[in-house]
Amino acid sequence: MRLKEALSRSNSLFIAWAVIASFGAYFCMYAFRKPFNSGLYTGLQMGEVGYKTILIIAQVAGYTLSKFVGVKVISELKPGSRITLIVTLILIAEVALLFFGLVPFPYNFIFLFINGLPLGMVYGVVFSFLEGRRFTEMLAMGLNISVVVASGILKTTYIEVHTLLPGVSEFWMPALMGLLFLPLFLMFVWMLSVIPAPTLEDINQRSERNPMSKSDKQRVMKDLGIPVICLIICYATLVIGRDLRDNFTIEIWNELDANWQSSVLSSTELITGIIVLIVIGNLAFVKDNLIGFRLTNLILIAGITITGLATFLFQTNMIDGFYWMLLVGLGMFLCYTVLQSVLFDRMIALFRIKANAGYFVYMCESIGYLGSVGLLLYKEFFMKDISWINVLKHFTYLQFGTGLVLLILSNVYLERYRRRSCFPEASPAL
């Protein structure tokens, strides 16, 4: 195929193509996942629980279950099955949204659970096209930026579309948003399908990524179980904090400023996205895996510190709500995207582990989203009188303290393991 040959010959064309394809595919996925929580569902409840909370819990529960399934499915996924799987996942999600609009309240929440079930595996499929390459950090920029900016942009889009079509109910808007973005999603998936396989140079520098067997997984956890568990817990706090800020951003902004404009949802995320793009993109220029791994961990510590410091400055009235939301989002997303798309890829390359990044990421995300569901339930039943601002503030402090300790423990263990094992850059796989 001429296009694939052209991508193989030109690094700049290949990078641009992969960045656009991964950004577009994952951005469009958010059109099937996030727009529903832009609705307020005013006055609707199930028992004493607000219906919006029920909807978010239902979808996150499905999304969480998807992450646990993904530990097996994504880590064992063969290259030839990627396209079929990702298209099937999105179509199932859209059909669920159609039933969400068709089935009346209060029975339609179950379809948001079904909607979340396939969507949790989309990231792993997209990232499998990008990992294990000399330019993985650069290639993943599109994917990372979509994680940061998609929710805010799509919420703004939801509000504008709903303003243009006021007759469409909040229950039908999610399906409409999905249908609007389905053709774009299919185009970006085609772009992913023509990305060439990793070259020999990629494999020599970053190690080969193959589907994992049960024995491969057991070996990895035997050798690196302690730091992996530390990173899983740290990642879990980031997922919980990110979801809390994202799912209830409308409520938080209502508490911060009664006259806020919808454009603020896009502006904070776009600023964050640009900064994350610059930081992570520059890591691709670090060829030495040890230096790259250490820089990645420094970025994680810096990001965690930004979230804690920003909350302290906001609490002491040294910054306003806009800069607090911006800095907390920046710290969380910087850490989240580095862990999700850079740290494990560098760790596999440095220690020559017979593994793929999807295995580690999906272990992290399964626990993270389980914690997100737990926090939503805890807030609803035990913190009814606490504002969303205070919930976010308290959790940010907890995230800062816990994350800092876990990152230090992980780094100490991995450094001792590296020195004890004496891994050269080109050592054979574990």
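The values are calculated or read from the model by the stated rules, or taken from the named source; none is laboratory data. This one's a predicted model, so the numbers in the text were calculated from it and none came from an experiment. Positions of Cβ are generated from backbone atoms using ideal geometry, with glycine treated the same way; all protein chains shown enter the neighbour counts.
Key figures
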{"quantity": "Residue satisfying all of: in segment 298-321; in a loop (DSSP other than H, G, I, E, B) and not hydroxyl-bearing (Ser, Thr, Tyr); surrounded by the most Cβ atoms within 10 Å (Cβ to Cβ) among these", "calculated": "Ile319"}
{"quantity": "Enumeration of residues in segment 210-224 that are surrounded by 20 or more Cβ atoms within 10 Å (Cβ to Cβ) and not in a helix (DSSP H, G or I)", "calculated": "Met212"}
{"quantity": "Residue ID - nearest to Gln340 (Cα to Cα), chosen from residues in segment 101-120 that are among the hydrophobic types (A, V, I, L, M, F, W, C) and crowded, with 24+ Cβ neighbours inside 10 Å", "calculated": "Leu112"}
{"quantity": "Single unsatisfied condition, Ala197 versus (1) hydrophobic (A, V, I, L, M, F, W, C); (2) under 26 Å from Ile280 (Cα atoms); (3) surrounded by 20 or more Cβ atoms within 10 Å (Cβ to Cβ)", "calculated": "(3)"}
{"quantity": "Sole exception among (1) surrounded by fewer than 18 Cβ atoms within 10 Å (Cβ to Cβ); (2) among the small types (Gly, Ala, Ser); (3) at pLDDT 90 or above for Gly403, by number", "calculated": "(1)"}
{"quantity": "Hits in segment 247-267 - residues which are in a helix (DSSP H, G or I) and at pLDDT below 85", "calculated": "Asn247, Thr249, Ile250, Glu251, Ser263, Val264, Leu265, Ser266, Ser267"}
{"quantity": "Residue check for Val189: hydrophobic (A, V, I, L, M, F, W, C), in a helix (DSSP H, G or I) and modelled with pLDDT under 90", "calculated": "no"}
{"quantity": "Matching option when the condition is crowded, with 21+ Cβ neighbours inside 10 Å and more than 21 Å from Val189 (Cα to Cα), among Thr53, Thr42, Thr64", "calculated": "Thr64"}
{"quantity": "Filter result for the condition that a residue is crowded, with 16+ Cβ neighbours inside 10 Å and assigned to a helix (DSSP H, G or I), over Val286, Val276", "calculated": "Val276"}
{"quantity": "Residue check for Leu244: under 21 Å from Ala140 (Cβ atoms) and either basic (Lys, Arg) or in a helix (DSSP H, G or I) (or both)", "calculated": "no"}
{"quantity": "Filtered residue count, segment 382-402, keeping only those that are touching a residue at least 24 places away in the same chain (Cβ under 8 Å) and part of a helix (DSSP H, G or I)", "calculated": "13"}
{"quantity": "Test for Leu154: is it of a type outside the set (Asp, Glu), farther than 20 Å from Leu65 by Cα, outside any helix (DSSP H, G or I) and within 17 Å of the chain's Cα centre (by Cα)", "calculated": "no"}
{"quantity": "Residues of segment 159-179 that turn out to be part of a loop (DSSP other than H, G, I, E, B) and of a type in the set (D, E, K, R), as a count", "calculated": "1"}
{"quantity": "Pick from segment 67-99, criterion in contact (Cβ under 8 Å) with a residue 60 or more places away in the chain and crowded, with 23+ Cβ neighbours inside 10 Å, ranking: farthest from Ser128 (Cα to Cα)", "calculated": "Leu97"}
{"quantity": "Test: residue in segment 88-99 that is of a type in the set (Phe, Trp, Tyr), touching a helix residue (DSSP H, G or I) at 6+ places or on another chain (Cβ under 9 Å) and not in a helix (DSSP H, G or I)", "calculated": "no"}
{"quantity": "From Val338, Val361, residue being within 18 Å of Ala150 (Cα to Cα) and crowded, with 24+ Cβ neighbours inside 10 Å", "calculated": "Val338"}
{"quantity": "Leading residue by the ranking (modelled with the lowest pLDDT) among those in segment 358-381 that are of a type in the set (Phe, Trp, Tyr) and either within 30 Å of Thr136 (Cα to Cα) or outside any helix (DSSP H, G or I) (or both)", "calculated": "Tyr369"}
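Here is a yes/no grid of residues against (1) free of Cβ contacts under 8 Å to residues at least 12 places away in the same chain; (2) small (Gly, Ala, Ser); (3) within 20 Å of Arg418 (Cα to Cα):
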position: Thr272; (1), (2), (3): no, no, no
position: Phe285; (1), (2), (3): yes, no, no
position: Leu295; (1), (2), (3): no, no, yes
position: Ile301; (1), (2), (3): no, no, no
